[in-house]
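Below you'll find the structure, written out as structure tokens, and then a few comments.
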Amino acid sequence: TSSGSNNQTIKQSNNRTILHDVLVGEVWFASGQSNMEMTLGDGMNTYVEGSLEEIALSAQYTGVRHITIKRATPLEPAWDAEGEWQLCNPNNAPRFSAVAYFFATRLSKALNVPVGVINASWGGCMVSPWMSKETLKNYPVNFADATDNSVNAMFKPFVMYNGMFKPVSKFAINGIIWYQGESNVSTRCDIYADMLTTMAKTWRQDIGRGDIPFLIVELAPYDYHDGEYGLQDETGPLLREQQAMAAKSIPNAAIIGTNDLAYDFELTQVHPSQKRQIGERACFMAMNMAYGYKNLPAFHPTVKYAVADGRKVKVYFDNARGFRGADFIEGFEIAGESGNYHTATSAKTAFSFPGGACVELECKEVGEPMYVRYCFHDFQIGGLKGTNGLPAIPFQVKITPASEVPASPMPQRQRTGNYN
């Protein structure tokens with residue numbers, strides 16, 4: 001890698017082309033919908049927390065470059081795409097994707113190498129426009145929508161793959177950050193994990209560099225109320241569950257938790273302001289998964305299993321050596337055979353053999369617990385965080401019979417492959 005910019009001369013016969021400001025470093029692909037598209041300067045007409053200071057001081061990141069791929073919807077895979085690499089400085093940084101900016105600047109500083117981010121995102125898009133036409137044949141997609149002028153481009157199948165991913169797949173991309181899902185909350189939510197797994201496989205094949213890291217940004221708390229977009233109450237947690245499933249099924253993938261990254265006043269704000277933490281968490285994961293820093297505790301606590309002893313329930317987690325202390329952890333609910341959930345009346349962190357770090361729960365209304373869930377609502381900010389300060393990923397799980405609980409502790413896995 002190179003820490004400084006250089007000129008490069010390309011000669012062919014009697015022709016000579018000089019390329020200016022050439023850097024050699026790490027390249028990442030950032031894609032999704034409006035929360036990835038949201039710029040550092042004015043967001044999606046919303047506020048990005050800390051943006052003014054970041055913009056003012058952005059010139060210090062001399063090794064960071066950002067390119068925004070122009071929107072395109074060709075019916076066949078394109079060879080080239082429109083966009084221009086930009087220096088990181090106060091004039092350009094306001095137009096950078098906020099998540100991409102925070103990721104690239106922190107990673108460049110951590111590794112002391114140049115980092116370039118390709119931002120190809122489209123506000124409001126579903127996952128299907130980013131999938132190839134060939135792979136979409138296995139899903140309930142209407143291909144006629146691609147040529148129907150009455151259909152909004154953000155819903156047209158395969159066109160963004162053709163025009164905004166395929167051309168840039170020729171870069172030596174080191175990893176992918178995917179921040180999308182809001183538009184699939186009410187459309188094909190039940191097969192989202194399968195579609196995303198297929199998309200990731202196709203992208204990696206096109207890039208041709210093996211199972212490069214695939215980082216999935218969890219949807220932040222937001223009230224997916226009935227409204228003009230046909231969204232339904234309490235469907236947000238179902239999509240988040242699908243994201244967690246995809247992180248498990250995609251090799252070398254991980255999920256970036258955002259359950260703590262919304263303020264109470266952002267109940268109806270689908271573009272929350274805390275983007276710095278997302279970029280930083282992606283940086284930590286990249287360092288662990290792509291650059292050999294395996295001792296960096298970059299991953300979120302995720303549910304392993306739950307077991308009941310009478311009214312009491314213990315929930316065990318992966319990626320958690322312990323939890324940040326609290327007298328009571330909000331967000332846990334317990335249900336019996338009926339499936340009717342009740343808020344846990346007691347919830348405290350603990351450490352118990354054989355599972356390790358756990359949360360001990362009890363609910364006075366449920367005599368025989370069968371199910372437990374955590375922050376499984378459209379908008380619920382949880383308080384459970386690992387000792388690394390990262391929030392637990394929301395979940396719902398059926399309680400495991402005591403006879404099926406492992407007899408010995410489950411070791412913490414070295415994070416090189418699947419999420420769990």
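The values are calculated or read from the model by the stated rules, or taken from the named source; none is laboratory data. None of these values were measured; they are calculated from a predicted model. Reconstructed Cβ throughout: ideal geometry from the backbone, glycine too, with neighbour counts over all protein chains shown. Accessible surface is based on the protein model in full, side chains and every heavy atom, while ligands, DNA and RNA are left aside. Shrake-Rupley method; radii C 1.70, N 1.55, O 1.52, S 1.80 Å.
Any residue in segment 174-186 that's more than 12 Å from Gln242 (Cβ to Cβ) and β-branched (Val, Ile, Thr): show its pairings with residues that are part of a helix (DSSP H, G or I) and open to solvent by less than 10 Å² (accessible area, probe 1.4 Å) at Cβ separation under 8 Å, as long as the two are six or more apart or on different chains.
Ile176/Ala200; Ile176/Trp203; Ile177/Met36; Ile177/Val99; Ile177/Ala100; Ile177/Phe103; Ile177/Ala282
Each row is one residue, and each column tells you yes or no for (1) under 18 Å from Phe171 (Cβ atoms); (2) at pLDDT 95 or above; (3) open to solvent by 30 Å² or more (accessible area, probe 1.4 Å).
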residue	(1), (2), (3)
Leu40	no, yes, no
Glu49	no, yes, yes
Ile55	no, yes, no
Gln60	no, yes, yes
Lys70	yes, yes, yes
Pro77	yes, yes, yes
Asp80	yes, yes, yes
Gln86	yes, yes, yes
Asn89	no, yes, yes
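Out of all the residues in segment 275-291, is one or more among the hydroxyl-bearing types (Ser, Thr, Tyr), surrounded by 15 or more Cβ atoms within 10 Å (Cβ to Cβ), within 24 Å of Asp211 (Cβ to Cβ) and at pLDDT 95 or above?
Yes, some residue in segment 275-291 is among the hydroxyl-bearing types (Ser, Thr, Tyr), surrounded by 15 or more Cβ atoms within 10 Å (Cβ to Cβ), within 24 Å of Asp211 (Cβ to Cβ) and at pLDDT 95 or above.
In the list Lys294, Lys314, which residue meets the criterion of being basic (Lys, Arg) and under 21 Å from Ala244 (Cβ atoms)?
Values: Lys294 fails: under 21 Å from Ala244 (Cβ atoms).
Unique residue meeting the criteria: Lys314.
Which of the residues that make up segment 105-133 are on the phi > 0 side of the Ramachandran plot and in contact with an Asp or Glu (Cβ under 9 Å, 6 or more places away or on another chain)? It would help to see each step written out before you state the result.
Here is the first cut: in segment 105-133, the residues on the phi > 0 side of the Ramachandran plot are 112, 124.
Passing the criteria: only Gly124.
Considering segment 159-171 alone, what residues qualify as being hydrophobic (A, V, I, L, M, F, W, C) and either in a helix (DSSP H, G or I) or open to solvent by less than 10 Å² (accessible area, probe 1.4 Å) (or both)?
Narrowing segment 159-171 to residues hydrophobic (A, V, I, L, M, F, W, C): 159-160, 164-165, 168, 171.
Answer for segment 159-171, where residues must be hydrophobic (A, V, I, L, M, F, W, C) and either in a helix (DSSP H, G or I) or open to solvent by less than 10 Å² (accessible area, probe 1.4 Å) (or both): Val159, Met160, Met164, Phe165, Val168.
Within segment 321-330, identify whether any single residue is at pLDDT below 95 and surrounded by 20 or more Cβ atoms within 10 Å (Cβ to Cβ), and answer yes or no. Step through it out loud before you land on a result.
Quick first cut of segment 321-330, residues at pLDDT below 95 only: 321-330.
The next check asks that each one be surrounded by 20 or more Cβ atoms within 10 Å (Cβ to Cβ); those that pass are 323, 329.
Yes; the residues of segment 321-330 include at least one that is at pLDDT below 95 and surrounded by 20 or more Cβ atoms within 10 Å (Cβ to Cβ).
Ser150 passes all but one of (1) without any contact (Cβ under 8 Å) to a residue 24 or more places away in the chain; (2) more than 23 Å from Ala253 (Cα to Cα); (3) in contact with a helix residue (DSSP H, G or I) (Cβ under 7 Å, 6 or more places away or on another chain); which number fails?
The single condition Ser150 does not satisfy is (3).
Which residues, taken from segment 369-381, are open to solvent by 10 Å² or more (accessible area, probe 1.4 Å), hydrophobic (A, V, I, L, M, F, W, C) and out of contact with any Pro (no Cβ under 9 Å at 6 or more places or on another chain)? Break it down into steps so the answer makes sense when it comes.
First pass over segment 369-381, keeping only residues open to solvent by 10 Å² or more (accessible area, probe 1.4 Å): 369-371, 373, 376-377, 379-381.
If we keep only those that are hydrophobic (A, V, I, L, M, F, W, C) too, we end up with 370, 376, 379, 381.
Within segment 369-381, just Met370 meets the criteria.
Of all residues in segment 320-376, which are assigned to a strand (DSSP E or B) and without any contact (Cβ under 8 Å) to a residue 24 or more places away in the chain?
As a first pass, look at segment 320-376 and keep what is assigned to a strand (DSSP E or B): 323, 332-335, 341-343, 346-352, 356-362, 371-374.
Listed by number, the residues that qualify are Thr343, Ser346, Ala347, Lys348.
Say we look at segment 172-188 and pick out the residues that are assigned to a loop (DSSP other than H, G, I, E, B) and among the aliphatic types (A, V, I, L, M); which of these is most open to solvent (accessible area, probe 1.4 Å)?
Going through segment 172-188, the residues assigned to a loop (DSSP other than H, G, I, E, B) turn out to be 172-174, 180-181, 185-188.
Keeping just the survivors that are among the aliphatic types (A, V, I, L, M) gives 172-173, 185.
Details: Ala172: 58, Ile173: 0, Val185: 5 Å².
My answer is Ala172.
Scan segment 337-368 for residues that are touching a Leu at 6+ places or on another chain (Cβ under 8 Å) and open to solvent by 10 Å² or more (accessible area, probe 1.4 Å) and jot them down.
Start the filter on segment 337-368 by keeping residues that are touching a Leu at 6+ places or on another chain (Cβ under 8 Å), which leaves 344, 346-347, 349, 359.
Within segment 337-368, Ser346, Thr349 qualify.
Go through (1) open to solvent by less than 30 Å² (accessible area, probe 1.4 Å); (2) more than 21 Å from Glu82 (Cβ to Cβ); (3) out of contact with any Leu (no Cβ under 9 Å at 6 or more places or on another chain) one by one and return the number of the condition Asp211 breaks.
(1)
With respect to Ala407, is the statement that it is outside any loop (DSSP other than H, G, I, E, B), of a type in the set (A, V, I, L, M) and either at pLDDT below 90 or over 25 Å from the mean Cα position of the chain (by Cα) (or both) true? Quick ask: steps written out before the conclusion?
Numbers: outside any loop (DSSP other than H, G, I, E, B): no; of a type in the set (A, V, I, L, M): yes; either at pLDDT below 90 or over 25 Å from the mean Cα position of the chain (by Cα) (or both): yes.
For Ala407, the condition - outside any loop (DSSP other than H, G, I, E, B), of a type in the set (A, V, I, L, M) and either at pLDDT below 90 or over 25 Å from the mean Cα position of the chain (by Cα) (or both) - is not met.
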